[in-house]
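Scroll down for the structure; my scribbles are underneath it.
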Amino acid sequence: MKTYTKFLYKYLIKLVNNRKVVLILWFGAAFYGAIKAITNNYINNYIIFKHVYFHTVNSTNLYLPYPAEYSDVNLYGPFFSLIIAPFTYLPDKAGILLWVMANAFFLFFAISKLPVSDKWKNIMLLLSLSELITTSVALETNALVCACIMLGFSYTKKEKDIWALFFIVAAAFIKIYGIAGLAFFIFSKKKLQFAAWAIAWSVLFFFAPIAFTSFNFLVQSYADWYDGLTVKGEKNIGLGQESLYQNISLLGMIRRIFYLPQLNDALILIPAFFLFVSQYMRYKFINDTEYQLYILCSVLLSIVLFSTGSESPTYIIAIPAMILWYLLQPKTKWVTIFFIIAFLFTTFTYSDIFTPWARTHLSKPYSLKAFFPFVIWMIILVQIHIRQFLKAMQSFGPMKLAKT
């Protein structure tokens with residue numbers, strides 16, 4: 001048994017150190033997800049995406065149902081029409097494949113920019129493979145949004161506010177919760193410049209679709225976007241079977257476990273906001289890389305935990321944060337055991353690995369995929385207040401943070 005364990009350990013170390021193999025697995029997983037979506041005709045999301053562009057060009061309401069074209073409705077901002085435009089002129093199969101691979105590349109690029117060692121970047125990629133497949137099959141934008149927020153963090157740290165705000169504001173104009181990236185404002189050494197670039201990019205992205213539509217239609221579209229998000233938010237909080245794939249968040253978990261159909265989400269969101277802000281009480285450590293990485297983890301987890309729009313594919317945002325949190329911990333036996341349990345449960349709780357009965361009667365009805373991300377988010381809050389991040393560099397050994 002010891003010989004087998006030693007062999008497995010050596011094999012895993014070689015895998016972690018082999019960048020080429022990691023990249024093959026990463027892009028292979030995205031390719032598999034795209035092919036599965038095409039083969040099984042799970043392409044409705046992509047059809048919605050490309051019609052954001054066509055409807056913008058034709059000045060037709062972006063947020064009405066179009067049952068002759070696709071099911072469900074669009075919930076992306078008018079700016080998204082610019083993002084998807086290059087893909088719309090390709091045949092659907094080619095467009096889907098390139099769309100998925102582009103999202104995978106962008107997230108890979110964002111992870112490569114994080115201030116951690118190459119080994120840990122490889123581990124983040126490897127452990128995120130399952131969630132990458134999930135979001136790729138769904139043809140979702142979550143990998144793109146996650147990448148934008150990570151790049152916002154990395155470029156703020158590198159004092160390149162112009163690029164940091166480019167990605168943060170772009171994320172917000174694609175999916176509104178991308179605005180959480182503004183939490184990195186605290187790390188900027190030129191806060192007025194940070195704010196100025198936030199305003200400048202917001203104005204530019206707001207009006208950018210005028211390149212192929214009218215001003216009046218664009219302004220109306222933003223009002224329609226707000227209305228569409230409001231209606232969708234009301235639908236997401238339902239407790240019926242039709243809502244099981246929505247609101248997979250802390251909000252949904254509490255609402256479903258305790259059966260609180262009339263729960264006012266503000267009772268959770270307001271305390272959560274103040275708890276998040278309390279992390280800034282350690283402001284004197286603002287230039288400490290470990291502290292900054294704790295905040296990044298907290299931001300990524302918050303996006304998933306406190307949005308009624310969170311779905312299973314959204315967890316491509318949470319899983320990298322959980323892995324990064326583990327990087328920052330002393331590598332004790334109990335920390336490792338806890339992480340393994342948290343990771344496996346979060347990644348596979350919506351699969352049949354924990355038996356179809358558990359998935360059908362426990363995981364989905366009670367949004368249990370959000371449980372361990374919430375536990376880790378709370379641990380992060382405590383660890384920041386007790387300055388756990390100061391111990392991080394003492395515990396890495398060969399897995400230490402990259403110098404930036």
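The values are calculated or read from the model by the stated rules, or taken from the named source; none is laboratory data. Quick caveat: nothing in here was measured; it's all calculated off a predicted structure. Note that we place each Cβ from the backbone using ideal geometry, even for glycine, and neighbour counts take in every protein chain shown. What goes into the accessible areas is simple: the full protein's heavy atoms, side chains included, and nothing from ligands, DNA or RNA. Shrake-Rupley method; radii C 1.70, N 1.55, O 1.52, S 1.80 Å.
Computed over the alpha carbons of region 151-194, Rg followed by Dmax gives 9.4, 27 Å. Taking the empirical scaling 2.2 N^0.38 Å for compact globular proteins as reference, region 129-177 has a Cα radius of gyration ratio of 1.25. Computed over protein heavy atoms with a 1.4 Å probe, the carbon and sulfur contribution to the accessible area of region 183-304 reaches 69%.
Given springs between every Cα pair under 10 Å in a Gaussian network model of the chain, which of Leu192, Leu305, Leu269 has the largest fluctuation? Among Leu192, Leu305, Leu269, the largest mean-square fluctuation in the Gaussian network model of the chain belongs to Leu192. Share of Cα-Cα pairs in region 242-326 beyond 14 Å, in percent? It works out to 67 percent of all Cα pairs. Taking the solvent-accessible surface of protein heavy atoms with a 1.4 Å probe, what is the per residue accessible area of the chain in Å²? Spelled out: the 1.4 Å probe surface of the chain, per residue, equals 46 Å².
Semi-axis lengths, largest first, of the ellipsoid equivalent to the chain are 32, 25, 23 Å, with √(5λ) applied to each eigenvalue of the Cα gyration tensor. Roughly speaking, what is the centre-to-centre gap between region 304-350 and region 111-147 when only Cα atoms are used, to the nearest Å? Going from one Cα centre to the other spans 13 Å. Within straight-line reach of Lys14, meaning a Cα separation under 14 Å, sit the following aspartates and glutamates at least 8 residues removed in sequence or on another chain: Asp118. Note on region 137-211: semi-axes of the ellipsoid equivalent to its C-alpha gyration tensor, largest first and rounded to whole Å, are 20, 16, 9. Among the listed pairs Lys235/Lys331; Lys190/Lys369; Lys284/Lys364; Lys20/Lys157; Lys119/Lys160; Lys50/Lys158, which are separated by more than 32 Å between their Cα atoms? Violating the 32 Å Cα-Cα cut-off are Lys235/Lys331; Lys190/Lys369; Lys284/Lys364; Lys50/Lys158.
Remark: region 325-393 projects, on average over all directions, an area of 4.9 nm² (convex hull of Cα atoms). GNM on the chain, alpha-carbon springs under 10 angstrom: the most fluctuating residue among Leu263, Leu165, Leu301 is Leu263. Between Leu97, Leu132, Leu344, the Gaussian network model of the chain with springs among Cα atoms under 10 angstrom shows the greatest mean-square fluctuation at Leu344. Pairs of Cα atoms nearer than 8 Å and 6+ residues apart set the relative contact order; for the chain it is 18 percent.
Only helices reaching 18 angstrom along their own axis (Cα) with mean Kyte-Doolittle hydropathy no lower than 1.0 count here, and for the DSSP H runs of the chain these are 19-39, 92-112, 142-157, 161-174, 191-207, 289-305, 333-348, 371-385. Computing FRET efficiency as 1/(1 + (r/R0)^6) for Val203 and Phe27, where r is the C-beta to C-beta distance and R0 is 30 Å, gives about 0.25.
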